[in-house]
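Student: Once you've had a glance at the structure underneath, I'll fire off some questions.
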Amino acid sequence: MPALSLLQRLRGATARRGWLRWLLPALLAMAAGGLAGMAVGAAIHMPKVEALDEFRPSLVTRLQDRHGEVFTTYARERRELLAEGSVPPLLQNAVVAAEDAEFFRHGGIDVAGIARAVWVNFQRGRRAQGASTITMQLARELFLTPQKSWRRKIEEALLAVELEKSLSKQQILTLYCNLSFLGHGNYGMQSASRHYFGRPVAELTAAEAATLAGILQRPSEYSPYRRPELVVRRRNYVLDRMLAEGYLDAGAHAEAVATPLAVREHRARAESGSYFAEEVRKELEARFGTERLYGDGLQVRTTLDPQIQRAAEEALREGLLRLDHRRGWRGPLRRGQPLDLALDDADGAGDRNPLPGTWLPGVVLSLEAEGARVRLPGEEAVLSRRGFAWTGRQRAAELLRAGDLAWFRWARDDERRGGKEPAYLVLEQEPVLEGAVIVLESGTGAVRGLVGGWDFARNKFNRATQAQRQVGSAFKPFVYGAAFELGYSPADTLFDAPAAFAGADGLASYSPRNYYRRYDGILTLRRALELSVNVPAVKLLDLVGVERVVDFARRAGLRSPLPPYPSLALGAADLVPMELAGAYAALANLGIHLDSHLIERVTTREGVVLEEHQTRAAKVTTPEVAYVLLHVLEGAVDRGTAASCADLPLDLAGKTGTTDAYTDAWFVGMTPRYTILTWIGHDQKRTIGRRMTGAEAALPIWRAVVEAGLADGWLREGERFSRPAGVVTALVDYRSGLLATPSSSRTIEEAFVPGTLPTREYEPRWERILELPWTQQRAFYQPREREAMPESIQDWGAILQAWQAEEGGDG
């Protein structure tokens with residue numbers, strides 16, 4: 001039976017072969033005819049290869065800092081182009097061996113390869129081998145869609161032949177290496193080489209070149225990060241092909257096969273300059289359009305100074321954490337939920353890491369006598385009382401439970417001195433407060449550093465350029481500037497006492513109060529501004545005229561609406577931090593306002609200049625007036641509300657700002673070269689916290705920026721403000737503003753616009769007068785014409801009612 005069965009099968013096979021003798025030629029003829037017809041049809045609609053002359057691959061737009069270093073890129077496809085003929089031999093050989101061994105011998109179509117692929121696929125009953133040449137793959141990339149069909153295959157072949165007629169082999173290979181996708185957002189060999197190995201293709205080893213050539217076949221599958229073992233097998237296959245084709249000798253082949261797969265790690269890390277980059281991106285998109293921004297490979301030289309940017313970011317980050325710690329512990333990220341921290345880049349079970357590379361998510365394993373044992377990614381650690389001292393609690397059990405997820409970081413007490421002491425674990429939480437820092441080069445208008453919030457990933461709203469917030473006493477310098485233009489001097493006096501002014505209702509119902517709820521009586525304009533006393537500021541606006549104050553502010557660069565009421569003197573206007581920084585910079589620049597800018601130059605990839613910054617300068621006031629105002633603001637740092645920075649070893653000037661109910665805290669300060677602004681607040685108008693003044697909340701951050709500048713060298717000890725030749729100086733008694741005499745107990749060198757020096761000399765009796773309460777000083781003070789005085793108040797009831805409704809104030 002078995003023999004008979006075998007015989008029957010043989011006869012059946014013979015019969016089938018008989019049928020095939022006449023059927024197969026017929027089928028082949030029909031197929032050939034069909035293919036020919038499809039080829040003709042395809043040729044009719046086939047793209048013209050000449051269109052390649054107009055082809056421009058999508059390129060990467062690069063933002064460079066002021067030194068030419070790239071810090072951000074924008075692109076639909078991350079690509080770097082290799083010039084024709086610059087594909088190194090090692091990489092060229094790897095690609096040819098892996099993708100098309102006959103590349104240099106065929107005319108676009110490898111007939112033998114097609115026959116071989118058909119036979120192999122027929123034998124295995126599946127598509128085990130492809131027949132597309134490098135030129136055919138390039139034709140598909142340039143002109144066709146990835147959809148698989150016989151029509152596309154024929155078009156691909158015909159286009160390949162045309163490409164071979166139009167381009168050299170080196171041109172085809174270079175285009176192929178520039179256009180191919182190699183995974184993880186990389187287009188082209190150069191981009192992939194930098195991404196995976198951290199160096200250009202010219203420096204690749206044989207193993208690395210084979211790795212890139214191997215990825216070409218299926219880039220989504222051959223990921224060195226997700227499936228390294230698969231990539232190694234594919235790489236070794238390419239190396240075997242290189243050996244077979246004679247591109248490698250046995251020794252080089254063995255060495256490359258034995259080489260471990262070593263690709264560059266791309267760990268999550270805190271990015272620098274994100275808010276700055278987004279501002280530049282918006283400007284570029286507005287000027288050049290979306291297509292050019294993301295596809296033309298623009299080269300953009302910006303004003304960003306990386307040292308200054310890092311200083312601003314670190315100062316704001318540490319300042320916001322310090323303020324947030326004062327508000328107490330709000331609780332863990334997760335409680336009572338299943339958690340998994342098995343990943344090195346664990347993100348807190350779905351929570352965004354605000355400081356990747358610095359903060360770590362941790363699960364509380366157990367609570368101990370005072371502290372807790374915590375599981376971090378890859379290790380366990382102990383949280384001691386020292387690490388949560390900022391919460392004010394004595395034991396970790398008062399804050400955490402076993403199973404809680406929270407943020408932690410490693411800290412050292414001597415971090416600023418090199419960090420050699422043992423590290424300890426610190427419990428952290430993300431601040432709810434927001435802030436902004438701007439560092440502006442006063443003499444050029446170049447923005448050297450810009451931070452628009454705690455974290456760009458949390459909220460892309462840029463508080464430095466988009467927020468409009470009340471500025472409080474940070475507006476006062478513009479009132480004093482207008483007064484100095486009108487002939488007032490820092491030594492002139494006003495009477496600090498209750499006074500009423502016409503409000504928005506036209507009635508004398510507006511009566512400002514001072515921050516400390518006391519009055520000093522006779523007060524020089526210098527001391528009034530240094531100490532940020534409110535009543536003299538409003539009096540001065542009333543005497544000078546709100547129109548003149550608004551005009552001075554407009555000339556300084558303030559463009560936001562300025563309400564023409566007495567409260568403007570105390571910063572009732574909502575201003576954008578960037579415009580306020582620019583206005584202060586004009587004072588530091590001795591009365592010349594320069595438009596703030598972030599872009600110096602935009603060029604094409606070939607270096608053709610598309611746009612270059614042109615300085616636009618406008619005169620705000622005379623150098624003498626600007627310097628006198630700057631000199632008074634130096635006093636605010638030396639003796640006034642910013643005196644905590646008086647020990648810093650260079651000339652500094654500036655002004656604090658605090659709004660009612662402590663919703664906004666400001667400090668805008670100037671060095672001889674830079675204007676630096678810091679702002680702290682919430683996106684929604686609510687209190688920062690009790691007594692959170694500009695000096696308490698914003699000034700420490702400003703100081704940290706300056707300290708970093710001194711340490712890094714972009715600020716230098718001993719820098720001094722330049723005094724214009726037209727300014728005159730004289731020794732005056734500090735408290736009275738009168739010309740100093742030997743009996744003066746405290747004198748300062750005061751700066752004056754010519755013609756505004758005091759004419760009276762100091763007498764010893766003034767020391768006793770100025771010590772009296774304001775009510776008794778009134779007899780020794782001669783009011784200015786139209787100066788509002790306490791005795792002119794007619795409705796004290798309305799005034800007292802308004803005072804009771806107030807909260808906070810400005811300082």
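The values are calculated or read from the model by the stated rules, or taken from the named source; none is laboratory data. All figures in this text were calculated on a predicted structure; none of them were measured in a lab. Cβ sites come from the backbone with ideal geometry, for glycine too, and all protein chains shown count toward neighbours. Side chains included, ligands, DNA and RNA excluded: accessible areas come from the protein's heavy atoms. Shrake-Rupley method; radii C 1.70, N 1.55, O 1.52, S 1.80 Å.
Student: Which of P57, L800, V706 sits farthest toward the positive end of the charge dipole of the chain, with +1 on the Cβ of Lys and Arg and -1 on the Cβ of Asp and Glu?
Tutor: It is P57.
Student: Which residues' amide hydrogens lie under 5 Å from the amide hydrogen of D595, considering only partners 5 or more residues apart or on another chain, with H built in the peptide plane?
Tutor: It is R616, by chain and number.
Student: Tell me the angle of helix 699-712 to the major Cα principal axis of the chain, expressed in degrees between 0 and 90 and rounded to the nearest ten.
Tutor: On a 0 to 90 degree scale, this one is about 60.
Student: Related question: Where the centre of each part is set by its Cα atoms, how far does the stretch 657-673 sit from the stretch 166-214, in angstrom?
Tutor: 52
Student: To continue, here is another question. Please state the charge dipole magnitude for the chain, taken about the Cα centre, from unit charges on C-beta atoms (+1 on K and R, -1 on D and E), reported in debye and rounded to the nearest 20.
Tutor: 3360
Student: Right, here's the next one. Shape of the stretch 574-680 from its Cα gyration tensor (a ≥ b ≥ c, root eigenvalues): rounded if a/c is under 1.5, otherwise prolate when a/b > b/c, or oblate?
Tutor: prolate
Student: Per residue of the stretch 598-613, in order, report the coupling 6.51 cos²θ - 1.76 cosθ + 1.60 (Karplus, θ = phi - 60°) as ³J(HN,Hα) in whole Hz, putting x for Gly and Pro.
Tutor: Couplings: 10, 10, 8, 7, 10, 10, 6, 4, 7, x, 6, 6, 9, 7, 9, 5 Hz.
Student: Which option, (i) 1.33; (ii) 0.99; (iii) 1.07, is the value of Cα Rg over 2.2 N^0.38 Å that was calculated from these coordinates?
Tutor: (i)
Student: A further question follows. Got the relative contact order for the chain handy, in percent, Cα pairs under 8 Å and 6 or more residues apart?
Tutor: On the way: 1537 pairs, mean separation 87.4, N = 811.
Dividing the mean separation by the residue count of the chain yields 11 percent.
Student: A further question follows. Grab the DSSP H runs of the chain that are 4 residues or longer, score each as -39,500 (n - 2.57), total them, divide by all residues and round the 222 nm result to the nearest 500 deg cm²/dmol.
Tutor: The per-residue figure over the chain is -11500 deg cm²/dmol.
Student: Give the separation of the Cα centroids, the stretch 566-613 to the stretch 680-697, in Å.
Tutor: 26
Student: Just name one of F456, V111, G214: the one whose Cα is farthest towards the positive end of the charge dipole of the chain (beta-carbon charges, Lys/Arg +1, Asp/Glu -1).
Tutor: Highest projection toward the positive end goes to V111.
Student: Between the stretch 519-535 and the stretch 724-743, how many Å separate their Cα centres?
Tutor: Each part's Cα centre sits 17 Å from the other's.
Student: Could you report the accessible area of H597 in Å², rounded to 10, computed with a 1.4 Å probe on the protein chains as they sit in the structure?
Tutor: 20
Student: Can you bin the stretch 653-811 into rounded, prolate or oblate? Criterion: square roots of the alpha carbon gyration tensor eigenvalues sorted a ≥ b ≥ c, rounded for a/c under 1.5, prolate for a/b above b/c, oblate for the rest.
Tutor: oblate
Student: Also, quick follow-up: Using amide H atoms built in the peptide plane, which far-off residues or other-chain residues are under 5 Å from R78 H to H?
Tutor: Here Y187 satisfy the definition.
Student: Could you order the peptides 242-249, 442-449 from most to least packed, using the average number of other C-beta atoms within 10 Å per residue?
Tutor: 442-449, 242-249
Student: Going by alpha carbons, how many degrees (0 to 90, nearest 10) lie between the helix axis of 169-179 and the longest principal axis of the chain?
Tutor: Approximately 50 degrees, to the nearest 10.
Student: List the lysines whose alpha-carbon lies under 23 Å from that of K476, not counting same-chain residues fewer than 8 positions away?
Tutor: K539, K619, K655, K685
Student: Also, quick follow-up: Angle check, please: helix 89-99 long axis (alpha carbons) against the longest principal axis of the chain (alpha carbons), in degrees 0 to 90, nearest 10.
Tutor: The two axes meet at around 60 degrees.
Student: For G654, list long-range residues whose amide hydrogen, built 1.01 Å from N in the peptide plane, is under 5 Å from its own amide hydrogen.
Tutor: The list, which skips near neighbours in sequence, is E634, A636, V637, M670.
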